[in-house]
Amino acid sequence: MGFRRDIIEAVKEFDLPALRLPGGNWVSGWDWKASIGPVENRRAQLDLAWFQIEPNIIGHDEYLEWTKLVGTEPMYTINLGTEGLKSAAQLVEYSVHPGGTYWSDLRRKHGHPDPYPIKTWYLGNEMDGHWQIGSWEKDPVGFGILSHEISKVIKWIDHQAETVFAGTSDHHKHFPEWEMAALEQCYESVDYVSLHHYHSVPEGDIANYLNISSVFEDYINTTIAICDYIQTKLRTPKKMYISFDEYGVHFGQPVEIPFGRRGWHDVSKSYFQFAKKDNVFREHDLTNLDSSGSNSRFHAYQMLNALGMSSVLLTFLRHADRIKIGCMTGGLRNAIAFDGTHVWKNATYYPFYQLNRWARGGMSILPAVDGPTFNTEQYALSGSVQCHAYENVQAIEAAAVHHEDREEAFVFLINRSHEDDIEVELDVRGFEGYKLIEHIEMYTDDLSKGNSYEHPDVIQPTINPGTRMEGGKVTAMTKKLSWNVIRLAKNVNV
């Protein structure tokens, strides 16, 4: 089908559980109907989200066929910016109805006889944002009603479908009011609230960089409170769950900062879409990918990025009772890196792979952590990218998973101190009969270095042979800025 086999094989090896597509701001201006049928008949269009020309060579059906090739579950984002209820209903009918109608038979005519296994539908993307094409920023109630009506139609077409309400981002001045107003209108018909957050900190500020989980905890806890308040207000037994389907962490540069977080906001200073520029729309050039996997922000500072993204995943594990979906933005490029010719594993690959392999299907256990702490300083990079100071943040971050059926337990640890190695004592006496299997660690002495195709093993996991277990307690030395996995099991041959 024209897809790269090396990337397909790398994704299959990773065993990716699910893929959210099309996804992002781009979808709010995308016409799915322009991307189906013979390639030579498809319409190229302007992408007003990223100021590109979208040729629609890879369209609706190609996306979904690729998920079959790599063995992953597709989750689909519906355009609710320039499209609405009618287009959404036709999209779902085209995709999942077996046949006998115009749209389902059109899919079969295009060479795809079987319905696609789409279970989860995202109702728009960041529709509260003023940067979004067709934004609903000014009318949260209207968007909630639209989401309710579309969710109804999707479930009438497919009774097994799940739907995701497009929630707000926490750094906007209308959070949480916008979300409360919109979600109340569709609470009974949707299954998840979508959360997005990108943690941007001043260049070189490692403490704030690795305090990402505290920021996410605040956002998650506020959203849970909103959901539970609406549940109580509506007097319904239904519990709302969370899909945290976009997130990232990176260093950022300050811009001119307008006054106040809730005052007038000069968006041209904070959002590139509103800045003055030439009317130039660039074309995709897939032959010009550099050896770091393009010039995206996701490849720099690989070890720090691995720790930051892993911190988010541990946060999700600690909230596994409410967070049921988590999609790493840039997951392929961030973990499975590639250029125009080669594929390799970035540092972020390994924690993501280990969590995917060892946490999936288990029971999350909430660990109690008491040890060295650090403080962060408040900062403001722009009118919307700001963070208050945090005090007494635990330097060791932890999450744990128990597989009772396999008699295995995994403790995932991050040493967030950029100055000190920290000795950790794990009290695991509750796991009677369990033995220490291994301690896997990953770190680097040089944060400027990372993996590449030419040097794929600069950062990779190794075994720490010094970890020991006595009397139901595990003692391990964790290196500064390191990722660690402690494996316990009753069967030492696991």
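Apply the a/c threshold of 1.5 to the C-alpha gyration tensor of segment 4-110 and tell me whether it is rounded, prolate or oblate.
oblate
For segment 62-106, treating each Cα as an identical point scatterer without solvent, what Debye log10 I(q)/I(0) comes out at q = 0.19, 0.23, 0.34 1/Å?
Cα-only, vacuum Debye calculation for segment 62-106: -0.71, -0.91, -1.08.
Tell me the Kirkwood hydrodynamic radius of segment 366-468 in angstroms, computed as one over the mean inverse distance between distinct C-alpha pairs.
In segment 366-468 this quantity evaluates to 17.1 Å.
Just name one of Gly37, Thr72, Gly330: the one whose Cα is farthest towards the positive end of the charge dipole of the chain (beta-carbon charges, Lys/Arg +1, Asp/Glu -1).
Farthest along the dipole direction, towards plus: Gly37.
Enumerate the helices in the chain for which the Kyte-Doolittle hydropathy averages -0.5 or more and the C-alpha atoms extend at least 27 Å along the helix's axis, using complete DSSP H runs.
Going by DSSP H runs, the hits are 212-234.
Which is the longest part of the chain that has none of the GluC sites (Glu not before Pro) sitting in a DSSP loop with at most 12 other Cβ atoms within 10 Å? Write down the numbers at each step before the final one.
Working: sites that count: Glu203, Glu256, Glu377, Glu391, Glu404, Glu419, Glu432, Glu454.
The reported range is 1-202.
List the relative contact order of segment 117-267 as a percent without decimals, with contacts defined as Cα pairs under 8 Å and 6+ residues apart.
Worked out over segment 117-267, it gives 23 percent.
Which three semi-axes in whole Å describe the equivalent ellipsoid of segment 295-382, each the square root of 5 times a Cα gyration tensor eigenvalue, listed largest first?
Numbers: eigenvalues 127, 83, 30 Å².
With the √(5λ) rule applied to segment 295-382, the semi-axes are 25, 20, 12 Å.
Per residue, how many Å² of accessible area does the chain show with a 1.4 Å probe? Could you put the intermediate results ahead of the total?
Details: 22450 Å² over 494 residues.
With the other protein chains kept in place, the chain gives 45 Å² per residue.
Provide His455, His439 ordered by accessible surface of protein heavy atoms (probe 1.4 Å), highest first.
The most accessible residue leads, giving His455, His439.
Suppose R0 equals 35 Å. What FRET efficiency, 1/(1 + (r/R0)^6) with r the Cβ-Cβ distance, do Gln394 and His110 give to the nearest 0.05?
Computed FRET efficiency for Gln394 and His110 comes out at 0.05.
In terms of solvent-accessible area of protein heavy atoms at a 1.4 angstrom probe, what is the ranking of Thr462, Thr315, highest value first? Don't jump to the answer; show the numbers that get you there.
Values: Thr462 70, Thr315 0 Å².
Largest accessible area first, the residues go Thr462, Thr315.
Relative contact order (percent) for segment 35-133, with alpha-carbon contacts under 8 angstrom and 6 or more residues of separation? Please report the intermediate quantities before stating the final value.
Numbers: 110 pairs, mean separation 28.2, N = 99.
Over segment 35-133, the number comes to 28 percent.
Could you pull out every one of the aspartates and glutamates with an alpha carbon less than 15 Å from that of Lys480, ignoring same-chain neighbours closer than 8 positions?
Within the straight-line limit of under 15 Å, Lys480 reaches these aspartates and glutamates: Glu397, Glu419, Asp420, Asp421, Glu423, Glu441, Asp445, Asp446.
Across segment 32-186, how large is the tail of the calculated P(r) beyond 23 Å, expressed as a percent of all Cα pairs?
42 percent
Starting from the amide H of Thr77, placed 1.01 Å from N in the peptide plane, find each other amide H under 5 Å away whose residue is 5 or more places distant or on another chain.
For Thr77, whose amide H was placed from the backbone, the distant partners under 5 Å are Leu21, Gly23, Tyr122.
Net charge near Phe352: determine it from the other residues with C-beta under 12 Å of the C-beta of Phe352, scoring Lys and Arg +1 and Asp and Glu -1.
With Lys, Arg at +1 and Asp, Glu at -1, the net is +2.
Would you grab the residues whose amide H sits under 5 Å from the one on Ser482? Only those 5+ places off in sequence or on another chain, please, with H modelled 1.01 Å from N.
Residues meeting the criterion, in which the H sits 1.01 Å from N, are Asn415.
Of (1) -0.67, -1.02, -1.22; (2) -0.87, -1.02, -1.10; (3) -0.61, -0.90, -1.05, which is the value of log10 I(q)/I(0) by the Debye sum over Cα atoms at q = 0.09, 0.11, 0.12 Å⁻¹ derived from the coordinates here?
Here log10 I(q)/I(0) by the Debye sum over Cα atoms at q = 0.09, 0.11, 0.12 Å⁻¹ agrees with entry (1).
Could you give the dipole magnitude of segment 1-100 about its Cα centre, charging the beta-carbon of Lys and Arg +1 and that of Asp and Glu -1, in debye to the nearest 20?
160 debye
Could you pull out which residues in segment 433-447 have an amide N less than 15 Å from a spot 7 Å beyond the Cα of Glu407, following the Cα-Cβ vector?
433-437
5 Å is the cut-off here: which amide hydrogens, built 1.01 Å from N in the peptide plane, fall below it relative to Ala18, excluding neighbours closer than 5 in sequence?
When sequence neighbours closer than 5 places are left aside, the close amide H contacts are Glu73.
Normalised by the residues of the chain, what does the relative contact order come to in percent, with Cα pairs under 8 Å and at least six apart?
It comes to 12 percent, rounded to a whole number.
In deg cm²/dmol and to the nearest 500, what is the mean residue ellipticity at 222 nm of the chain if only DSSP H runs of at least 4 residues count, each as -39500 (n - 2.57), divided by the residue total?
Working: 11 runs with 128 residues, N = 494.
Calculated mean residue ellipticity at 222 nm is -8000 deg cm²/dmol.
For Arg282 and Thr341, what is the calculated FRET efficiency with R₀ set at 25 Å and r taken between the beta-carbons, to the nearest 0.05?
0.70
Suppose every Lys and Arg Cβ carries +1 and every Asp and Glu Cβ carries -1, with no other charges. What dipole size does the chain come out with about its Cα centre, to the nearest 20 debye?
I would put it at about 940 debye.
The values are calculated or read from the model by the stated rules, or taken from the named source; none is laboratory data. Remember, predicted model here, so these are calculated numbers, not experimental data. Here the Cβ is made from the backbone with ideal geometry for all residues, glycine too, and neighbour counts use every protein chain on show. With ligands, DNA and RNA removed, areas are computed over all heavy atoms of the protein, side chains included. Shrake-Rupley method; radii C 1.70, N 1.55, O 1.52, S 1.80 Å.
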